[in-house]
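The values are calculated or read from the model by the stated rules, or taken from the named source; none is laboratory data. It should be emphasised that the depicted structure is a prediction, and the values quoted were computed from it without experimental measurement. Neighbour counts are summed over all protein chains in view; Cβ atoms, including those assigned to glycine, are modelled from backbone coordinates with ideal geometry.
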Amino acid sequence: MPRASDYLTSPRSVELRRNMVDRQLRTFDITDVDVLDAVLRTPREPFVNSEPDSLVYSDASLVVKSAHTARPLLAPMFVARALQLAEVASSDRLLDVAGAYGYSAAIAARLCQSLVALEDDDAFVARSGEAFQDLGLANARSVRGSIAAGPEGDAVFDVILINGAIETRPDALLARLAEGGRLLAIEAGETRARASSRFVLFTRSGVSFGKRPLFGAVADVLPAFAAKPEFVF
C-alpha cells in the first residue's frame, strides 16, 4: 500500500489536485492563496477508502468506513471555503472534529500553529496519526474522545471545524473556544432539508456567541449532534 507521502509528488495526484483547485475551489469563491496552497499540497488518496481516482478529487459525496463507523466526507470546496472564512492564522490553535481519517485536518494543519484531530473511532485516530507523521505535519496530532464534548483536558482553541451537519447547538465545543474564537459547522435545515442546510460561523465574545450564515452546504447529520425525537400528542 502506498505511503501518504508517495502521493505528494505523484504526477497523477498532482494533476488531479490542480484540476480540483482550478475547477472546483476557484469557482467557489476561494481566493486565499494560503488555503489554495494547503489544498494543493495535501493529497486526498491517503484519507479515503479505495476509490477510483476520478472520484477521490470530485465533488461527489464520499463515505469513509472503519470496521465500526461510517463517516461522510465534506467536499474539498466546503472545507477550503470554511477555512478561508474562518481566517485561520498561523498562530491559531485548531480543533478538527469528526474528520475521519483526517483530510480536512491535514489541510488545516498547514495553516495554523497547532491542530488536534478529534475522533471517537480508534481506526480513524490511528490512520490519521500515521498520515500526519508521514506528510511531515509535526504540528498535528490525532486523539480519541467524545465528538460532542471535545478532547480530554481543558485546552481551548481559536478555531473549531465540525465535519458534518448539526441539529443541536454544540455548546460543549463552544465552551472550548478562546476569546474571539470561531466554530464552523453545517446547520441542518428544517426536517433535514438539504436545500436549506448551510455552513454557519459561531464567534465567541466573552460569555456570548454570535452566529452568522456563510454559504449553502450539504452533509449528513452527525449522530452526536442529532436532535432527540420529540413525542407529539
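Brief remarks follow.
- In segment 57-83, the residue that is surrounded by the most Cβ atoms within 10 Å (Cβ to Cβ) out of those that are in contact with a helix residue (DSSP H, G or I) (Cβ under 6 Å, 6 or more places away or on another chain) and of a type in the set (A, V, I, L, M) is Val79.
- Top-ranked residue of segment 24-36 - restricted to ones that are in a loop (DSSP other than H, G, I, E, B) and of a type outside the set (A, V, I, L, M), ranked as farthest from Ala108 (Cα to Cα): Asp29
This table checks each residue for (1) among the hydrophobic types (A, V, I, L, M, F, W, C); (2) surrounded by fewer than 24 Cβ atoms within 10 Å (Cβ to Cβ).
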position	(1), (2)
Gly102	no, no
Asp120	no, yes
Val125	yes, yes
Asn139	no, yes
Val143	yes, yes
Ala165	yes, no
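- Condition check for Gly99: part of a loop (DSSP other than H, G, I, E, B), on the phi < 0 side of the Ramachandran plot and in contact (Cβ under 8 Å) with a residue 12 or more places away in the chain: yes
- In segment 167-183, the qualifying residues are those that are surrounded by fewer than 22 Cβ atoms within 10 Å (Cβ to Cβ) and not charged (D, E, K, R), and the one that is farthest from Ala106 (Cα to Cα) is Thr168.
- Among the conditions (1) farther than 24 Å from Glu130 by Cα; (2) of a type in the set (Asp, Glu); (3) within 12 Å of the chain's Cα centre (by Cα), the only one that Asp29 does not satisfy is (3).
- Segment 121-167, residues that are assigned to a loop (DSSP other than H, G, I, E, B), touching a residue at least 60 places away in the same chain (Cβ under 8 Å) and farther than 25 Å from Tyr7 by Cβ: Ile147, Ala148, Ala155, Val156, Glu167
- Cβ-Cβ distances below 9 Å connect the following pairs, each with a first residue in segment 52-65 that is within 17 Å of Ser13 (Cβ to Cβ), a second residue that is of a type outside the set (D, E, K, R) and part of a strand (DSSP E or B), and a separation of six or more residues or different chains: Leu55/Leu62; Val56/Leu62; Leu62/Pro72; Leu62/Leu73.
- Whichever residue in segment 44-78 is β-branched (Val, Ile, Thr) and part of a loop (DSSP other than H, G, I, E, B) and, among such residues, is nearest to Leu173 (Cα to Cα): Thr69
- Leading residue by the ranking (surrounded by the fewest Cβ atoms within 10 Å (Cβ to Cβ)) among those in segment 184-206 that are more than 18 Å from the chain's Cα centre (by Cα) and modelled with pLDDT of 95 or more: Gly206
- Residue within segment 79-93 that is in contact with an Asp or Glu (Cβ under 8 Å, 6 or more places away or on another chain), basic (Lys, Arg) and not in a loop (DSSP other than H, G, I, E, B) present: yes
- Output for segment 6-15, where each listed residue is surrounded by 14 or more Cβ atoms within 10 Å (Cβ to Cβ) and either among the small types (Gly, Ala, Ser) or at pLDDT 95 or above (or both): Ser10, Ser13, Val14
- Sole residue being assigned to a helix (DSSP H, G or I), touching a helix residue (DSSP H, G or I) at 6+ places or on another chain (Cβ under 8 Å), in contact (Cβ under 8 Å) with a residue 60 or more places away in the chain and β-branched (Val, Ile, Thr), chosen from Val39, Val21: Val39
- One residue stands out among those in segment 145-163 that are surrounded by fewer than 22 Cβ atoms within 10 Å (Cβ to Cβ) and of a type in the set (A, V, I, L, M, F, W, C): the one that is nearest to the chain's Cα centre (by Cα), which is Ile147.
- In summary, Gly180 fulfils each of the numbered conditions (1) within 19 Å of the chain's Cα centre (by Cα); (2) within 24 Å of Arg93 (Cβ to Cβ); (3) part of a strand (DSSP E or B) with the single exception of condition (1).
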